[in-house]
Amino acid sequence: MHMAQARPLVLVVDGDLAGRESYKFSLELDGLEIATCRSGAELLSHPRLLRACCLVLVDHMPVLDGFGVLALLKAQGSLVPVILITGHATAAFRSAARISRPGRP
């Protein structure tokens, strides 16, 4: 009997329902398994966080923003790649994002 191969899991974190659904729809078209979270806190307690091959993280969220999530992931020793979505990709933002990446010193 042939077992179906598991699809790569991507966790999408966006406080906006329309944003979450848009990312989910687009990524599922590429054959990825998508789980969504409404907040950074929800992501950090997600039961499948350790199984994710990638995170799509919106930087501007209430309470715990994208950089806060990155810092907590880094402190936990996470090596999962993160795509950080922003509406203001300034040079300072890019520099801060590089420094904050999980798995980097």
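The values are calculated or read from the model by the stated rules, or taken from the named source; none is laboratory data. Quick caveat, the model's predicted, so the values are computed rather than measured. Cβ coordinates were reconstructed from backbone atoms using ideal geometry, including for glycine residues, and neighbour counts include every protein chain displayed. In case anyone asks, the SASA skips ligands and DNA or RNA and just uses the protein heavy atoms, side chains included. Shrake-Rupley method; radii C 1.70, N 1.55, O 1.52, S 1.80 Å.
Can you find a residue in the stretch 67-76 that is open to solvent by 20 Å² or more (accessible area, probe 1.4 Å), farther than 21 Å from residue 16 by Cα, modelled with pLDDT under 85 and not in a strand (DSSP E or B)? No, the conditions are met nowhere in the stretch 67-76. Within the stretch 77-95, being hydroxyl-bearing (Ser, Thr, Tyr), surrounded by 11 or more Cβ atoms within 10 Å (Cβ to Cβ) and either touching a residue at least 60 places away in the same chain (Cβ under 8 Å) or out of contact with any helix residue (DSSP H, G or I) (no Cβ under 7 Å at 6 or more places or on another chain) (or both) holds for one residue alone: 78. Within the stretch 1-53, the set of residues being open to solvent by less than 60 Å² (accessible area, probe 1.4 Å), assigned to a loop (DSSP other than H, G, I, E, B) and under 16 Å from residue 72 (Cβ atoms) comprises 39, 46, 52.
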